[in-house]
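Chemist: Before we start, here is the structure in question, set down as structure tokens.
Only the coordinates and a few stated rules stand behind these numbers; no lab work does. The structure displayed is predicted, hence computed values, not measured ones. Here the Cβ is made from the backbone with ideal geometry for all residues, glycine too, and neighbour counts use every protein chain on show.
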């Protein structure tokens, strides 16, 4: 299980293309792949639910208050092994996670390849 919460994009970068936002999901994907995660959870603001659904997250709660946080949040979840292949088809950049996994398995070979 992976909890992917509180990722933010600084206001001055909010209007850039989706590459920066997609990079956040690439970090989630890399982590989930390396650690062979089954489920990824995220508590998101209601206005972000549709964005997370693009990556096959589904709401598992109604919007509610969480202690120490301002505003309401919706708990969302995705079954990673079944959603990741679909997400790759929609967003090919996420497929680079396989390369990341190879690097993590043998970092010395990767570093030697750069020299």
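Chemist: Would you kindly state how much longer the chain becomes between residue 53 and residue 86 on full extension, computed as 0.36 nm times their sequence separation minus their alpha carbon distance, in nm to one decimal?
Modeler: Working: separation 33, 0.36 × 33 = 11.88 nm, distance 1.18 nm.
Stretched out fully, the residue 53 to residue 86 stretch lengthens by 10.7 nm.
Chemist: Hey, another quick one. Can you tell me the order of 60-67, 27-34 when each peptide is scored by its average per-residue count of other Cβ atoms within 10 angstrom, highest first?
Modeler: 27-34, 60-67
Chemist: Taking 0.36 nm per residue of sequence separation and subtracting the Cα-Cα distance, how much length would be gained by fully extending the chain between residue 8 and residue 38, in nm to one decimal?
Modeler: 8.4 nm
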